[in-house]
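The values are calculated or read from the model by the stated rules, or taken from the named source; none is laboratory data. Quantities reported herein were computed from a predicted structural model and do not represent experimental measurements. Neighbour counts are summed over all protein chains in view; Cβ atoms, including those assigned to glycine, are modelled from backbone coordinates with ideal geometry.
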Amino acid sequence: MEKLILKNRKAYHDFHILEKIEAGLVLHGTEVKAIREGKINIKEAYCNFQDDELYLLQAHISAYSHTGYEHHDPIRPKKLLLHHKELSKLHKKRNEQNLTIIPLSLYWSGNHIKVELGLAKGKKLYDKRQDIAERDQKRNIERQMKN
């Protein structure tokens, strides 16, 4: 049973998503509670390798409202949990094709928070304009069909 917490819509606007991967996330207790309150932002987040491990960077988790004296760092790098084969495959593809690894969504899988990562290539301005034009066209067609 999966329950969506957050979807990164900006990622679909700014990037062509080539491949999707599911990863676990290492969090502290107050971070999990803050995510339950919806105090997370992954719009500017991306993933990078450090010492053969993948980390989620620039994901902002605000402080939990009922915490005592101990707060977590809001933009602490969060380790992503993947199998060694998946990590090496991602590292190889990222370096060969100049791709970016970005978080697409956050969701609950049982009692665990999972991240859907996307292997992505940046869109050019004309690609973004074309996507907007197609979306407007679909809306107009749906309106006409409705009437």
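Details
- Residue that is surrounded by the most Cβ atoms within 10 Å (Cβ to Cβ), among those in the range 87-130 that are touching a helix residue (DSSP H, G or I) at 6+ places or on another chain (Cβ under 7 Å) and β-branched (Val, Ile, Thr): 102
- Residues of the range 18-52 satisfying the condition of being β-branched (Val, Ile, Thr) and either over 17 Å from residue 90 (Cα atoms) or in contact with a Gly (Cβ under 6 Å, 6 or more places away or on another chain) (or both): 26, 30, 32, 35, 40, 42
- Among the residues of the range 67-87, the ones that are assigned to a loop (DSSP other than H, G, I, E, B) and under 16 Å from residue 39 (Cα atoms) come to 7 in all.
- The lone criterion from (1) under 30 Å from residue 22 (Cβ atoms); (2) at pLDDT below 90 left unmet by residue 115 is number (2).
- Taking the criterion of being over 27 Å from residue 119 (Cβ atoms) and either under 10 Å from the mean Cα position of the chain (by Cα) or hydrophobic (A, V, I, L, M, F, W, C) (or both), the residues of the range 8-67 that qualify are 34, 63.
- Filtered residue count, the range 24-48, keeping only those that are among the β-branched types (Val, Ile, Thr) and not in a helix (DSSP H, G or I): 3
- Residues that are aromatic (Phe, Trp, Tyr), surrounded by fewer than 17 Cβ atoms within 10 Å (Cβ to Cβ) and farther than 29 Å from residue 135 by Cβ occur at least once in the range 65-74.
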